[in-house]
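Taking it in order: structure first as structure tokens, then the write-up.
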Amino acid sequence: MASSKEYLDFILEQLSDLNDVSARAMMGEYILYYRGKVFGGIYDDRLLVKPVSSALQMMPDAEMELPYDGAKEMILVDDVDNRQFLCKLVGSMWKELPEKKKKK
């Protein structure tokens, strides 16, 4: 099942207090970026983020889910209505995220 544009718009609005959050459509789903680094995505209308230590500390009881078959597990963010929490989560993850890979 593909994710809806309405859910993407909702998540982007929730993160609008952060500068430089963007999304890119990818095979019916959306990859999410903060300041040029991938922090997660929207898969089947679920917000999933990379399992970096700051995210695991902020959500110690969160479920790990697969975004799609064959992918690595990611953290399911179920508190998407809490705008302040989402901004703090994504902001705290940034330093731990890998740099964007350079194209050859």
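Filtering region 5-54 to residues that are among the hydrophobic types (A, V, I, L, M, F, W, C) and touching a Gly at 6+ places or on another chain (Cβ under 9 Å) leaves L18, A23, M26, I31, L32, L47, L48, V49. Just give me the residues in region 1-56 being aromatic (F, W, Y) and in contact (Cβ under 8 Å) with a residue 24 or more places away in the chain, in sequence order. The answer is Y7, F10, Y30, Y34, F39, Y43.
FYI, it's all coordinate maths here, none of it is from the lab. Quick caveat: nothing in here was measured; it's all calculated off a predicted structure. Glycine gets a Cβ as well: all are built from the backbone with ideal geometry, and neighbour counts include every protein chain shown.
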